[in-house]
Amino acid sequence: MFRPLSVVPYLRAVLWSFLGIRQRERATAEQQRLQPLPLIATALALVVVFVLLLVALASSATAAQAVPDTLGQRALACTGCHGPQGRATPLGYVPRIAGKPAGYLAAQLRAFRDGQRQQDAMSRLLVHLGDDYLAELAGHFAALQVPYPAPAPNRGTEASRALGQRLVQQGDAARNIPACVACHGTAMTGVEPAIPGLLGLPRDYLVAQFGAWRTGMRAAQKPDCMAMLAQRLQPQDITAVADWLAAQPLPASTRAAPRPPSTWPMPCGSTAP
C-alpha cells in the first residue's frame, strides 16, 4: 500500500528527476526499490500542484492590475491631450475642457464625431460612441471645477490690445459685429447650457478656431453665428482678440452664468432651446 510515510522517497526521486540532480549511490539504491505506479502518481501530483500555483499567481497578478470601470477612468483617454482633469495649459492648440458647460461639450463631441469639426484624432476617438455616452462624458468634465493656469503674457502693440478689448467688450456696430460678452457672458466664463467661456484658452487655439470657422473646417447648428462673425473679422481683428483674451486673468468664480441674456444679439443655432 502507498502509505503516507513512504511518499518521501517518491517525492525525492521525482524532484531529483525534475531538477536534474545527479543521483548518488544511496539515491540509486533507493530508487531501485520504488514501485512504478506510485512514482508516476507522485510525478502527476507534483505537476498538478505546479500548474495550480501558476494559475493562482496569474490570478493574483490580474487582480492587482484590474482597472476600475468608471467614467473617470475612461476619461483618461481625453486627458492625454487636454491635460490632467481636462485643465490643458495656456500654450498650444489644445483647449481646456474642465468646467465648460455640459451642453457645449456634448455638442462639440458630436460635431467631431459627425464631421462638423474636423480633427483626425478626435474623429477616430469618437466615431463609435453614441449620443448618451458623449453626454455622460461631457457631464463628467463639466463638473470638474479645477484651478486655471496663469494667463499668458501680453502680446502685440498697445493699439492692438486696445482693439482686442474693444471688440470683446463693445463689438463694432458699423460692421455688425456684436461684443463677445453679449453671448459669452459679462465675465467671459460662458453661459449655461451651451455657450463656452473665452478665458483660460491658449492664444493659438483661439486664432485656429477663427480660422476654422472662416474656412468651413468648423461648423455648428444653423444659423452658424460664429462662422458669420469670423467672416466679418479681419485677420488683425482675430489676432487682437486672441491676444487680449489669452492675457486676461480669471475672475474669482469661473463658473458659467446660469441664465442666458434676455435677448441674443443675433440669431444663433447654438442658443436654440
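Have a look at PRO267, PRO260 and point out the one that is at pLDDT below 95, assigned to a loop (DSSP other than H, G, I, E, B), open to solvent by 60 Å² or more (accessible area, probe 1.4 Å) and in contact with a Pro (Cβ under 7 Å, 6 or more places away or on another chain). None of the others qualify; the one that does is PRO267. Here the condition is being modelled with pLDDT under 90 and in contact with a helix residue (DSSP H, G or I) (Cβ under 8 Å, 6 or more places away or on another chain); of GLN31, GLN35, it holds for GLN31 alone.
Listed here are the residues, each with its yes/no results for (1) on the phi > 0 side of the Ramachandran plot; (2) at pLDDT 95 or above; (3) open to solvent by less than 30 Å² (accessible area, probe 1.4 Å).
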residue: HIS82; (1), (2), (3): no, no, yes
residue: GLY86; (1), (2), (3): yes, no, yes
residue: LYS100; (1), (2), (3): no, yes, yes
residue: ARG113; (1), (2), (3): no, yes, no
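Of all residues in the range 201-217, those satisfying the criterion of being open to solvent by 20 Å² or more (accessible area, probe 1.4 Å) and either under 14 Å from PRO101 (Cβ atoms) or not in a helix (DSSP H, G or I) (or both) are GLY216, MET217.
Take the conditions (1) closer than 19 Å to VAL207 by Cβ; (2) in contact (Cβ under 8 Å) with a residue 40 or more places away in the chain; (3) not hydroxyl-bearing (Ser, Thr, Tyr); GLN108 misses just one of them, which is (2). Set side by side, the residues ALA150, ALA162, ALA174 differ, and just one is of a type in the set (A, V, I, L, M, F, W, C) and closer than 18 Å to PRO251 by Cα, which is ALA150.
If you go through the range 163-177 and keep only what is open to solvent by 50 Å² or more (accessible area, probe 1.4 Å) and either closer than 11 Å to ASP243 by Cβ or in a helix (DSSP H, G or I) (or both), you end up with GLN165, ARG166, GLN169, ALA173, ALA174, ARG175. The range 65-143 holds helices (runs of 4 or more DSSP H) entirely within its bounds, and those carrying 3 or more residues that are aliphatic (A, V, I, L, M) map to 102-114, 120-126, 131-142. Contact map, the range 122-141: residues that are without any contact (Cβ under 8 Å) to a residue 60 or more places away in the chain paired with residues that are in a helix (DSSP H, G or I) and surrounded by fewer than 14 Cβ atoms within 10 Å (Cβ to Cβ), Cβ distance under 7 Å, separation 6+ or inter-chain. Pairs shown: LEU125/ALA77.
The values are calculated or read from the model by the stated rules, or taken from the named source; none is laboratory data. Since the model is a prediction, treat every value here as computed from it, not as a measurement. Every residue, glycine as well, gets a Cβ built from its backbone with ideal geometry; the counts of neighbours run over all protein chains shown. Just the protein is used for accessible areas: all its heavy atoms, side chains included, with ligands, DNA and RNA removed. Shrake-Rupley method; radii C 1.70, N 1.55, O 1.52, S 1.80 Å.
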